[in-house]
Every structure is written in structure tokens, then in C-alpha cells.
Amino acid sequence: MNQPGDILGKLSKLGYRLTPQRIMILSAIENSDSHISAEEIYAQVVAKYPNVNISTVYRTLELLKELRLVTETDLGGGRVRYHSAEKGHHHHLVCKECGAVVDLDEPVLSPLKDALLREYKFIADLRHLAIFGCCINCSK
Ligand SMILES: [Zn+2]
Ligand SMILES: [Zn+2]
């Protein structure tokens with residue numbers, strides 16, 4: 001299980017300075033139940049550090065993404081969401097009609113990953129995908 005502060009430990013081991021803003025951003029991600037947007041993170045950070053700029057949040061998210069400590073997924077319509085990479089891999093089914101988002105377990109896409117490797121010699125990075133379509137309620 002993931003203990004809060006795991007990402008912080010990793011970050012400092014990699015030699016990154018743990019500024020108060022970085023710590024706030026990380027705890028916002030780790031404390032969110034599932035997904036959090038950059039704007040939501042910013043709202044939490046700015047409540048405590050009013051002089052923080054949202055670009056600091058974006059830069060930090062970029063860094064965390066590069067280090068593979070958080071994953072990002074685009075749920076469409078400008079909704080980009082983040083969560084801790086250690087919260088387990090999953091994907092999302094996104095309804096284009098009503099915007100509903102359903103979590104999809106990673107193994108569901110394993111056959112796809114295998115097929116891409118077998119037939120295209122392509123190593124797909126299927127860690128956090130959004131698949132767009134129409135949910136059961138909207139297809140009735
Ligand atoms: Zn997700
Ligand atoms: Zn729907």
C-alpha cells in the first residue's frame with residue numbers, strides 16, 4: 001500500500017528540493033481520492049501560499065510526470081486529471097454524451113498491449129488511457 005509521503009521521499013532521493021509548494025502539490029495529489037486537476041491542486045496551494053502562481057503547479061506536474069511519479073490523462077473537453085502513479089494503473093471510459101467517467105481495470109487492455117507488441121513490435125505505454133464512447137445510459 002502507498003503511504004502518504006512516498007513521492008516526497010522519492011523526490012528527495014532523486015535530489016530535488018522539497019519546497020513548501022512542492023510538498024503542498026504532492027500532498028494534494030496523494031490525498032485526493034482518485035483524480036485531481038491542476039486547477040484543484042492550485043486552489044489548495046494558493047489557499048496557503050497566496051503568492052504561488054498556477055504555472056508553478058504546471059511545472060511541478062510536468063516534473064512529476066517526467067519522473068513517472070504521477071500519471072496524467074486527458075478525459076476530453078480540456079479535463080486533464082492527475083493521480084499518484086502508485087495508486088495503481090487503470091484506464092477510463094469516458095462518455096462523450098454525458099461526460100460520465102468509469103474506471104477500467106488495467107488487465108482489460110492487456111490483450112491489446114500483447115497484440116501491439118506481437119503484430120507491430122510496438123511497446124505500448126498503456127498506463128492511464130481515456131477511451132471515449134457512449135455510456136449505457138446514453139445509448140438507451
Ligand atoms: Zn485515472
Ligand atoms: Zn453517458
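The values are calculated or read from the model by the stated rules, or taken from the named source; none is laboratory data. Note that the structure is predicted; figures quoted are calculated from it, not measured. Cβ placement follows ideal geometry from the backbone for every residue including glycine, while neighbour counts extend to all protein chains displayed. Keep in mind that these areas ignore ligands, DNA and RNA; they rest on the heavy atoms of the full protein, side chains included. Shrake-Rupley method; radii C 1.70, N 1.55, O 1.52, S 1.80 Å.
Things to note:
- Positive-end residue, the chain charge dipole about Cα centroid, Cβ charges, pick of Cys95, Pro111, Ser12: Ser12
- Calculated mean residue ellipticity, 222 nm, the chain: -12000 deg cm²/dmol, from DSSP H runs (n ≥ 4) at -39500 (n - 2.57) each, averaged per residue and rounded to 500.
- Residues in the range 104-112 carry Karplus couplings, in order, of 10, 5, 4, x, 4, 9, 4, x, 5 Hz; the curve used is 6.51 cos²θ - 1.76 cosθ + 1.60 with θ = phi - 60°, and Gly or Pro positions show x.
- Whole-number accessible area per residue in Å² for the range 41-140, which is evaluated in the context of all protein chains at 1.4 Å: 62
- Apportionment of accessible area to carbon and sulfur, the chain, percent (1.4 Å): 54
- By the Cβ distance rule (another cysteine Cβ under 4.7 Å), the unpaired cysteines of the chain are Cys98, Cys134, Cys138.
- Straight-distance candidates among the lysines for linking to Lys96, with alpha-carbon spacing under 25 Å and chain neighbours fewer than 8 residues away dropped: Lys113, Lys140.
- For the chain: rounded, prolate or oblate by the Cα gyration tensor [a/c cutoff 1.5]: oblate
- The H on the amide N of Arg127, modeled in the peptide plane, is under 5 Å from the matching H of no residue at least 5 residues off or on a different chain.
- For the range 13-23, 3J(HN,Hα) per residue [Karplus equation, 6.51 cos²θ - 1.76 cosθ + 1.60, θ = phi - 60°, Hz, x = Gly/Pro]: 5, 7, x, 8, 6, 8, 6, x, 5, 4, 4
- The Leu117 and Glu66 beta-carbon pair, evaluated with R₀ = 25 Å, returns a calculated FRET efficiency of approximately 0.55.
- The range 80-139: C-alpha gyration tensor shape, a/c 1.5 cut-off, then a/b vs b/c: oblate
- For the range 32-140, applying the loop criterion from DSSP together with a ceiling of 12 other beta carbons within 10 Å to the GluC sites (Glu not before Pro) yields Glu97.
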